[in-house]
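The next block holds one structure in the form of structure tokens; read it before the comments.
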Amino acid sequence: MSSGTSAPRTVRRVDWRAVAAGLAAPVLALVIAILVTSLVLVVASDPVGKVWETLLLVDATDAQRSRAVVNMLNSATTYYFAALAVAVGFRMNLFNIGVEGQYRLAAFCAAYIGAAVSLPAPLHVALIVVVAMAVGAMWAGVAALLKATRGVSEVISTIMLNSIATALVAFLLRKAAGDQGSSLNLSTDQLPASGRVPGIELGFLDTPIRVYGLVVLAAVAGLLYWLLLERTRFGFDLRATGMSESAAVASGVNVKKMVVAAMLISGAVAGLVGIPALVGEDPYAYTLTFQSGLGFTGIAIALLGRNSPIGIAIGALLWAYLDVAANRLQIQAGVSNEIVTIMQGTIVLSVVVAYELVRRYRVVSEQRRVAAAEPLAAGGGPVGGGGPSGGTGTAQGVPA
Amino acid sequence: MHAVVGENGAGKSTLMKILYGMQRPDEGTISVEGREVSFSSPADAIGVGVGMVHQHFMLADNLTVLENVVLGAEKLHGIGDKARRRISELSAAYGLDVRPDRLVEDLGVGDRQRVEILKVLYRGARTIILDEPTAVLVPQEVDELFANLRELKAEGLTVVFISHKLDEVLAVADEITVIRRGTTVASVLPGEVDSRRLAELMVGSELPSPETRESTVTDRPVLQVEGMTLHGADGRAQLEDVTLTVHAGEIVGIAGVEGNGQSELVECILGMRAATGTVRLSGEDVSTWSTRRRREAGVAYVPEDRHRQGLLLESPLWENRMLGHQTQRPNARGPLLDRRAARADTARIVQENDVRTPGIDVLASALSGGNQQKLIIGRELSGDPVLLVASHPTRGVDVGAQAHIWESIRQARAAGLAVLLISADLEELIGLSDTLRVILRGRLVCELDPRTATPESLGSAMTGAALPGASEGAGR
């Protein structure tokens, strides 16, 4: 983007200390998680070495590894949307606990409407995506309105809306299934071929399963998230509100409007959580066994990725990797795969603590840096002794 | 009684934190009553009799004085009658006049401060550190505080007193230590120096004064407030029928004891609270405008609490330069931020305002108070504002920054800026203002001429006492 002439101005020295500080927290958290998990295994007298071997796919065949990679990418795509949705709220101190309900209702409605219409392929998929986003936003909008007009905590209202959404989807699913589904496996009608998105085949991998086509949408969503938050006025208002509501108000932000806007965006992104699987995987329908619990995973990954689009991507991949690797634990190592849940929980807890430690360290070290630079900044000499009108307004010698 | 004076960022607070055990020194020793000690927590400090009264009171409003005093020190005398007796004894012994069963929320600022002192005494302190104790007091209360401190001294206690207000330091201290950039630059006796000399020691240069020179007041009204009334949640009027006009090139000072409606007045003018009455900006009725629209129309705002309202502490300086102006050039082009222009303009502000920082990517929290405030002043005076609403622009700011801020305001005034100045620093108000109004219980009660007003006459007007040379009822 930047032209040749302006490039030198935009080049900034990479602050390696900042990079190191940024990496320190997640690495530290991972190490702690590994230690705690190993400790649990030792206490339970399970084979520690074998567990790590299995988790690291040391003993897996090429086909198993390839399969794991694709499954990981697919899970991570889903997790990415969930974590982005949560992160939008987090950036302004809003806790959207309701991603769970939002995506389930959205996926159901998108599946139902997607199966009921027939359109040319790209439009059909677009319609499904738009419906999902609209329904997710609407469901989050209920919590947003309650907060903006009546001051109801979004934590409470979204938790309650989760329960309502679960019941509502169960109720509607029975209606939608009509008499074609057995009571054991209720389902919406299958999406017609025009509403499906073909998977991407990774040629170098030895597996028939494919990566969700909508992995591309996840990447686009991450990019838009970054653009919106870091490069627009709206994003600045949103971040300012999250960092200091009182300062945001003084700067002219209408906090109520921002609450509604942020919740709607969060809900719209949440609506996408179920869509990659819906349009990319058999049975191409919303069924009783549609994956649940992703909203809460999203919260954990948003924390892990520190609300940054790249961080969340790495967090989602790590999380998905652990999930996929855990599947083989029971068979290969004879250890319950819940050990991975323990590890995931430990990672999140330690990462939160580690980030806080790093943040404090950063604040203190910045203060030191400023203090150290201060005599330098004043190197141009103390304020000239010209009395009231003296050279206070004139520029001091600025260090090169 | 020992006073420590120095600019903000000179290291006073750090020194006090070390003395009170909140921070550990890298080198050096502390001795109390001849014995060398080392503190790893405030509890250690109080253990050897060193107590601290913070600048910002640490009291729970909804508890009584007794409960506040015993909180965290329940082991000493319990929480019942024994504690109450001990409080009464201390109060009587040191002339503090504290009644243990009153609710803290009913107490005035001076009373609260005495409760803080009592809290420290109750814990057995023999050395009391007071961090800028007079910052929140009116002159009459300052006198009372000093009487209390003399009482403490007479009883054999040691008082360490940190202040910016040099006249006060000279009046009460027995010995003065001046620090600058982290080292002691002078130890003087109050008899040897006057306040000018002392301030020069502090900044290492000659002194500014807040006086404005020739009048630049025009007859073009910029801000017109008519009949502004605001009711609080309890139905009591926080502002009542406030009417005032600020002309281009004029500084209107609002004097008042804190909590008499100043914050509310400012927030209503900025549109952060909805009040009845009209607000006009350059003749246009802006009463229904949002805060953002008012700011875009040229209202600059220096908030009273820069940490809460003026800065994003955990953001870099250049993002803070955008705050409050994020919709305007150079910070934004259309809906997008213009980061490059904002960064360049931040560098300009930093340079022109002598903000001492190694760069513009530093977090705002890393700067000292004076440098933070210089950044805010520079930001707010950028982009040709028509009106500046400045609340306590030099509060908690060192003399050097204070001089700079005064000069900036004066220059802007000369260029035709209308300024509404709210301050607790009476000399600043008298020195800078073209017109002085006094606010009392939400009403503008009188108008004084800054050429004839003195801190004493202003002080008594603020507390509602008889007003020499004041025209009564200007606000009605």
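Annotations
- Built amide H within the under 5 Å cut-off of B:V185, gap 5+: B:V178, B:I179, B:R180
- Over all Cα atoms in chain B, the spread is summed up by Rg and Dmax: 23.5, 69 Å.
- Relative to the current alpha-carbon distance between A:L357 and A:L23, full extension at 0.36 nm per residue lengthens the span by 119.0 nm.
- The aspartates and glutamates within cross-link reach of A:K50, meaning a Cα-to-Cα straight distance under 13 Å and a gap of 8 or more places when in the same chain, are A:D59.
- Remark on the stretch B:282-296: accessible area falls by at least 10 square angstrom from chain-alone to full-complex state for B:T291, B:R292, B:R295, probe 1.4 angstrom.
- Accessible area buried between chains A and B, both sides summed, probe 1.4 Å, in Å² to nearest 100: 4300
- Label-point gap, in nm, between B:T183 and B:A147 - each point 7 angstrom along Cα→Cβ: 4.3
- Taking all protein chains as they are arranged and a probe of 1.4 Å, the heavy atoms of B:K153 leave approximately 70 Å² accessible to solvent.
- Paramagnetic reach from B:E258 (point 7 Å along Cα→Cβ, amide N under 14 Å) across the stretch B:380-409: B:391-397
- Loop sites in the stretch B:230-282: trypsin sites (Lys or Arg not before Pro), DSSP, at most 12 other Cβ within 10 Å: B:R236
- Largest-first ordering by accessible area, 1.4 Å probe, given options B:D61, B:D167, B:D97: B:D97, B:D167, B:D61
- Helix-only mean residue ellipticity at 222 nm for chain A, each DSSP H run of n ≥ 4 adding -39500 (n - 2.57), per residue, nearest 500: -22500 deg cm²/dmol
- Two-decimal Rg/Rh across the stretch A:76-327, once Rg and the Kirkwood Rh are taken from alpha-carbon atoms: 0.99
- Take the Cβ atoms of B:E155 and A:L35, set R0 to 45 Å, and the FRET efficiency comes out at 0.20.
- Label-point gap, in nm, between A:L288 and B:R340 - each point 7 angstrom along Cα→Cβ: 6.1
- The stretch B:39-85 versus the stretch A:211-240: alpha-carbon centroid distance in Å: 50
- For B:Y301, the residues 5 or more places off, or on other chains, whose built amide H falls under 5 Å of its own are B:V389.
- Loop GluC sites (Glu not before Pro), the stretch B:1-109 (other Cβ atoms within 10 Å of the site Cβ: 10 or fewer; DSSP): B:E27, B:E33
- Here the accessible area of chain B is 47 percent carbon and sulfur, with a 1.4 angstrom probe and all protein chains present.
- Rounded to the nearest whole Hz, the Karplus-based 3J(HN,Hα) values (6.51 cos²θ - 1.76 cosθ + 1.60, θ = phi - 60°) of the stretch B:248-260 follow the sequence 4, x, 10, 10, 9, x, 10, 9, x, 5, 4, x, 9, with x at glycine and proline.
- Paramagnetic reach from A:V364 in the stretch B:11-35 [backbone N under 19 Å; point 7 Å along Cα→Cβ]: B:11-28
- Cα-Cα over 24 Å, subset of A:K257/B:K374; B:K12/B:K153; B:K12/B:K75; B:K119/B:K374; B:K17/B:K153; B:K12/B:K165: A:K257/B:K374; B:K12/B:K75; B:K119/B:K374
- Relative contact order (%) - criterion: Cα under 8 Å, at least six apart; region: the stretch A:76-327: 41
- Contact order relative to length of chain B, as percent, for alpha carbon pairs under 8 angstrom and 6 or more apart: 16
- Dipole magnitude (debye, nearest 20) for the stretch B:12-91, charges at Cβ of Lys, Arg, Asp, Glu: 160
- For the stretch A:119-242, the relative contact order works out to 20 percent when only alpha carbon pairs closer than 8 Å and six or more residues apart are counted.
- Relative to one another, the C-alpha centroids of the stretch A:97-145 and the stretch B:260-293 are positioned 43 Å apart.
- The stretch B:414-468 and the stretch B:309-364: distance between their alpha carbon centers, rounded to Å: 33
- Here the spin labels are modelled as points 7 Å beyond Cα on the Cα-Cβ line, and at A:T341 and B:R348 they lie 5.9 nm apart.
- Cut-off 16 Å, label 7 Å out along Cα→Cβ of B:S290, residues of the stretch B:326-348 by amide N: B:326-328, B:334-336
- Exposed loop sites, defined as GluC sites (Glu not before Pro) outside DSSP H, G, I, E and B with at most 15 other Cβ atoms within 10 Å, are absent from the longest region of chain A, namely A:1-200.
- Per atom type, chain A shows carbon and sulfur on 66% of its accessible surface, probed at 1.4 Å.
- Accessible area of the protein assembly as shown divided out per residue, in Å², using a probe of 1.4 angstrom: 44
- Area accessible to solvent at B:L381, 1.4 Å probe radius, in Å²: 50
The values are calculated or read from the model by the stated rules, or taken from the named source; none is laboratory data. This structure is a prediction, so every number in the text was calculated from the model and none was measured. Note that we place each Cβ from the backbone using ideal geometry, even for glycine, and neighbour counts take in every protein chain shown. We work out accessible area using only protein heavy atoms, side chains counted, and drop any ligands, DNA or RNA first. Shrake-Rupley method; radii C 1.70, N 1.55, O 1.52, S 1.80 Å.
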